[in-house]
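Trainee: The structure under discussion is supplied below as structure tokens; questions concerning it will follow.
Bear in mind that the values in this text are calculations on the coordinates, not laboratory data. None of the values given here were measured: they were computed from a predicted structure. Please note: Cβ atoms are built from the backbone with ideal geometry, for glycine as well, and neighbour counts cover all protein chains shown.
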Amino acid sequence: MTTLRALLLPIIVAAVLAAGATPAGALGGFAHWQNSEDMDSGFGLGLQHQFKIVPIFSAEARAAWVGFSSTDKGPDMNMYPLEAIGRVKLGLLYGGGGIGYYLFSGDDFQPKNSVGGTILAGAEFTMLGLGAFAEARYLFLEADEEDQVGGKRKMNGFGASLGVIIPIG
């Protein structure tokens, strides 16, 4: 059941975001790896919608699922990032940052949902109506733990995404 929820949440959020789509931008999907101080590495999938504002600046809405497996640092846990990103693109390269709301679920452990931020840099290539991107990012996120007073789960860490995009408009 948890896996089904993990896959459906990003799809539902992306569908809602796409319903208000502007004519210029792109839709995409990506695979994501995230390392963290307290949970080791997590892997997942996500969807994004880019809104082109001016030729070099765009905004993005992203929804994803990242699953962290049991390790010596912590139990199984799912993270659902919902992010708003601002990007500046020069040629093939881009950089930016944003803010996100991070939802958590797990069987034995569940931090409180939290607000965090990210900075990123990457490359994006589009040809013949299809594009691809690769990016590196750093996540700034400390989530309060449900079962501890004043306890924090440090989710800070580097991540990487690889994906495809389809320009629209």
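Trainee: For labels at Leu92 and Phe57 in the simple 7 Å Cα→Cβ model, what's the distance in nm?
Mentor: With each label point 7 Å from Cα toward Cβ, the separation is 2.6 nm.
Trainee: Got a sec? Which residues in region 80-124 would a label at Trp33 touch, if it sits 7 Å along Cα→Cβ and we count backbone N under 17 Å?
Mentor: Answer for this model: 121-123.
Trainee: Extension gain Ser41-Ala132, at 0.36 nm per residue separation less the Cα-Cα distance, in nm?
Mentor: So the chain would gain 30.4 nm between Ser41 and Ala132.
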